[in-house]
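The values are calculated or read from the model by the stated rules, or taken from the named source; none is laboratory data. Note that this is a predicted model, so its numbers are computed, not measured. Note that each Cβ is placed from the backbone with ideal geometry, even for glycine, and that neighbours are counted across all protein chains shown. We work out accessible area using only protein heavy atoms, side chains counted, and drop any ligands, DNA or RNA first. Shrake-Rupley method; radii C 1.70, N 1.55, O 1.52, S 1.80 Å.
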Amino acid sequence: QVQLVESGGGLVQAGGSLRLSCAASGTILRINAMGWYRQAPGKQRELVAQITSGGNTNYADSVKGRFTISRDNANNTVYLQMNSLKPEDTAVYYCNAILSLVGRIPQYQYSYWGQGTQVTVSS
């Protein structure tokens, strides 16, 4: 029904930048929030940043001032600009969308995940 396709991961040196993109498609009625999570080896998945349909944002303390989340509502796409990357930012980054579906009760919210994209920051 819904697909989230991520792109933009890769290998970068410490201090460098990367930009992640995630495009949502399918039988989407409305996307209420989109965000990025990450999971490093041996650690739990954690929220990196989230943005609502109204443009309100929320960041993990560890990325504030370095990462910026933005959203293109018309194209159901979310971006994560990552600057001043550190080795501890190394993880698989997952896109998430909280949305309602065409043909379903509009108040019901569903959570979908992308397949993940690897970000590796070398020291």
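Okay, here's what the table says:
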| read-out | value |
| --- | --- |
| Full-extension gain in nm, residue 72 to residue 84, via 0.36 nm per residue minus C-alpha separation | 1.9 nm |
| 3J(HN,Hα) from dihedral phi, region 18-35, Karplus parametrisation 6.51/-1.76/1.60, rounded to Hz, x for glycine, proline | 9, 10, 9, 10, 9, 10, 9, 9, x, 7, 8, 8, 7, 9, 8, 8, 10, x |
| For the chain, accessible area per residue (1.4 Å probe, heavy atoms of protein chains only), Å² | 52 |
| 5 angstrom amide H check on residue 85, placed H, neighbours 5+ away | 15, 16 |
| Estimated vicinal HN-Hα couplings, Hz - region 105-118 in sequence order (Karplus 6.51, -1.76, 1.60; Gly, Pro = x) | 4, x, 6, 6, 10, 10, 10, 10, 10, x, 7, x, 9, 7 |
| Cβ-based net charge around residue 63, under 13 Å, with every Lys or Arg adding one and every Asp or Glu removing one | 0 |
| Accessible carbon and sulfur surface of the chain relative to its total accessible area, %, 1.4 Å | 47 |
